[in-house]
Amino acid sequence: MSDKTSEKTLTSTIAGDSGPGSALVTQHGRTTITDAVVSKIAGISTRDVSGVYALGGGAARAVGAIRERIPGSRTNHAQGVSVEVGERQAAIDVEIVAEYGVAIADLAEGVRRNVIASLERMTGLEVTEVNVTVQDVHLESDDASDDSDDDDQQPRVQ
């Protein structure tokens, strides 16, 4: 073992920084990751899971839809995600809309696995928990009824 490796291990052990998150606090300084960064990573990694239709409850999705129509605005990747971030750990709550027909327990486990892997790899934080709340189930017929014109329907009364 080289002197630098031994010195780094000794410093980490003395500082109590062994395990996940040890790269965030070193003898040369501290790295702080904001809640917004963790929320964005968690939101993107949640959307990447097959079977997740959208993030957030009804109100959050309505506000997001209005925001996306404003010229120059960007998609809010943290919509439906709330986080608590400490110096070395993070806890995440995610609200999702699931696709109809997907096993919700398997979907929630996939979301947890993807969020934990992404956050720990990208930030070095230890993820203590990922709570998944399924707010709704998306049906394909919901999209079809939104796209239909009222002019094509026959009046019920003449």
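Residue-level check: of (1) within 16 Å of Ile41 (Cβ to Cβ); (2) not in a helix (DSSP H, G or I), Ala98 misses just (1).
The residue that is modelled with the lowest pLDDT, counting only those in region 62-85 that are of a type outside the set (S, T, N, Q) and within 15 Å of Val130 (Cβ to Cβ), is Ala78. Across region 77-97, the qualifying residues are those that are aliphatic (A, V, I, L, M), under 13 Å from Gly56 (Cα atoms) and surrounded by 22 or more Cβ atoms within 10 Å (Cβ to Cβ), and the one among them that is farthest from the chain's Cα centre (by Cα) is Ile96.
The values are calculated or read from the model by the stated rules, or taken from the named source; none is laboratory data. Just so we're clear, the structure is a prediction, and the values are computed from it rather than from any experiment. Note that we place each Cβ from the backbone using ideal geometry, even for glycine, and neighbour counts take in every protein chain shown.
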